[in-house]
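To start, the structure under review is shown below, and the notes come after it.
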Amino acid sequence: MGRFDGRIAVVTGAARGIGLGIAHRFAGEGASVAVLDLDESQASAGAAELATGDGQRHLGIGCDVSDRDSVEAAVDRVVGELGALHILVNNAGVTRDNLLFKMTDDDWDTVIAVHLRGAFLMTRAAQKHFVEQKYGKVVCLSSVSALGNRGQANYAAAKMGIQGFVRTLGIELGPFGVNANAIAPGFIATDMTDATAARVGMPVEEFRQAAADRNPVRRVGYPEDIAAAAAFLCSDDASYITGQTLYVDGGAKLVS
Ligand code: NAP
């Protein structure tokens, strides 16, 4: 028996990286999972990889989390096709790194739109189902960059905004049986950090090794590390935890 038997979960930006890792973990513990991503064929390919036991069905849905109509249509489709919605993970993300003096309006607006507006639109669309059934779990992806990171004024503002967002969700939705928390990962080996390696002109392995050498536990993180934390926070083991941000960073925050 899995912790998520009979549960329906939505994970945004889940065609790859951390989101796909979370989708695998939820499916492995019994959930039916809707994989949302910009490109429906990639979302469907992600959904097709997931373990399927008795009563489980996974869906891939094309959805731009920064677009209200797209978000509302996706949530309606999940509830229509899978029958309910119990868990939402706001994971979709982008980076547009630049030092402040070079940061364009578009760099700023894109990052705020995907991370903050996206989390807001998805959570607003999901909460009516959560409140009606008096049960729901929200996890949003923050980052250690919320604490400040050179070249990431847009991303740091969005990721610290996420922490304020879940604190407020905790207050507003707690009386309705809804828990809302954030996970703040450190360096996780995905396409996002590989793209940063390319931008700074370092081979991926060297870039990862440098991150591991700086980290107290002497390794980088993997999507599975974040998936384990997401599964805990979305489980009933964490029903007395809300409004919190859990740093999953190998201790990076302690030494930065
Ligand atoms: P990733 O490999 O770049 O994957 C992000 C996914 O989000 C991609 O599939 C991307 O689709 C999708 N996406 C982008 N914009 C979207 C939109 N508007 N609507 C729907 N989907 C969208 O990133 P990741 O490393 O797995 O990161 C996942 C989350 O963790 C992000 O919120 C990120 O900020 C956070 N995080 C990551 C790290 C890290 O070290 N990797 C650290 C801290 C926090 P496309 O492929 O089509 O662009």
For the stretch 1-85, listing trypsin sites (Lys or Arg not before Pro) in a DSSP loop whose Cβ sees at most 14 other Cβ atoms within 10 Å gives R57
Any idea what the relative contact order of the chain is, in percent, if you count C-alpha pairs under 8 Å spaced at least 6 apart? 18 percent
Would you mind telling me the share, in percent, of accessible area of the stretch 105-256 contributed by carbon and sulfur at probe 1.4 angstrom? 55 percent
Tell me, what is the per residue accessible area of the chain in Å², probe radius 1.4 Å? 46 Å²
So for the pair D39, V217, with labels modelled 7 Å out along Cα→Cβ, what separation do we get in nm? 3.2 nm
At 1.4 Å probe size, put L100, L147 in order of accessible surface, largest to smallest. L100, L147
Near K253, which lysines are there with a Cα under 29 Å away, not counting those fewer than 8 places off in the same chain? K102, K137, K159
Calculate the dipole size of the chain relative to its Cα centre from +1 charges on Lys and Arg beta carbons and -1 charges on Asp and Glu beta carbons; express the result in debye to the nearest 20. 740 debye
For the stretch 56-106 and the stretch 231-256, what is the separation of their C-alpha centers, rounded to whole Å? 22 Å
Per residue of the chain, what 222 nm ellipticity follows from adding -39500 (n - 2.57) for every DSSP H run with n ≥ 4, rounded to the nearest 500? -14000 deg cm²/dmol
Highest mean first, what order results for 232-238, 189-195 on Cβ atoms within 10 Å? 232-238, 189-195
Once both labels are modelled 7 Å past Cα along the beta-carbon direction, what's the S256-F232 spacing in nm? 2.0 nm
By accessible area (1.4 Å), largest first, R199, R117 order as R199, R117
Once amide hydrogens are built 1.01 Å from N within the peptide plane, the residues lying 5 or more places from A182 or on another chain with amide H under 5 Å from its amide H are C140, Q244, T245, L246
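The values are calculated or read from the model by the stated rules, or taken from the named source; none is laboratory data. Just so it is clear, the structure is predicted and the values come from calculations on it, not from any experiment. Don't worry about glycine lacking a Cβ; one is built from the backbone with ideal geometry, like all the others, and counts go over all protein chains shown. Accessible surface is based on the protein model in full, side chains and every heavy atom, while ligands, DNA and RNA are left aside. Shrake-Rupley method; radii C 1.70, N 1.55, O 1.52, S 1.80 Å.
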